[in-house]
1. I need the full set of residues from segment 1-10 which are part of a loop (DSSP other than H, G, I, E, B) and either over 23 Å from residue 86 (Cβ atoms) or touching a residue at least 60 places away in the same chain (Cβ under 8 Å) (or both), in order please.
2. Write out, first by first residue and then by second, each pair whose Cβ atoms fall under 6 Å of each other, whose residues are 6+ apart or on separate chains, and whose first residue, in segment 63-85, is farther than 17 Å from residue 43 by Cα while the second is assigned to a loop (DSSP other than H, G, I, E, B).
3. Scan segment 11-44 for residues that are farther than 25 Å from residue 93 by Cβ, surrounded by 11 or more Cβ atoms within 10 Å (Cβ to Cβ) and either in contact (Cβ under 8 Å) with a residue 60 or more places away in the chain or out of contact with any strand residue (DSSP E or B) (no Cβ under 7 Å at 6 or more places or on another chain) (or both) and report the count.
4. Only one of 59, 64 is surrounded by 10 or more Cβ atoms within 10 Å (Cβ to Cβ) and within 27 Å of residue 14 (Cα to Cα); which?
5. What residue, among those in segment 70-100 that are in a loop (DSSP other than H, G, I, E, B) and under 13 Å from the mean Cα position of the chain (by Cα), is surrounded by the most Cβ atoms within 10 Å (Cβ to Cβ)?
6. Checking residue 1 against (1) modelled with pLDDT under 95; (2) surrounded by 10 or more Cβ atoms within 10 Å (Cβ to Cβ), which test does it fail?
7. So which residues in segment 25-69 are in a helix (DSSP H, G or I) and touching a helix residue (DSSP H, G or I) at 6+ places or on another chain (Cβ under 9 Å), if there are any at all?
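The values are calculated or read from the model by the stated rules, or taken from the named source; none is laboratory data. No experiment lies behind these values; they were computed from the predicted model shown. Ideal geometry is used to build each Cβ from the backbone, glycine not excepted, and the neighbour counts take in all protein chains shown.
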């Protein structure tokens, strides 16, 4: 089971962005310690439950994210990435979390 969150640009760090502009989607495990987010810098998914937990736990960030359902997370990912990247299916997310973000690489 997963929770999905829409993360907004921080107006203090990105004053050129309109308020409540979506920056990322975060996926949090409800059954363990897994968490990942779409990183604009990395242009990919980053598994980092410690940093995500610290960021979400700061009072100053409470207005910078909202809970969303999976369907909205899928739509927002297409918007955020201009259609280049989608939200992984739940089986893939579970697999990534199972390996703590470092799944074995194929030898092919």
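1. 10
2. Every condition considered, the pairs that remain are 64/10.
3. Looking only at that region, the number is 3.
4. Result: 64 is the single residue among 59, 64 that is surrounded by 10 or more Cβ atoms within 10 Å (Cβ to Cβ) and within 27 Å of residue 14 (Cα to Cα).
5. Here the residue is 87.
6. Of everything listed in (1) modelled with pLDDT under 95; (2) surrounded by 10 or more Cβ atoms within 10 Å (Cβ to Cβ), residue 1 misses just condition (2).
7. The answer is 49, 55, 61.
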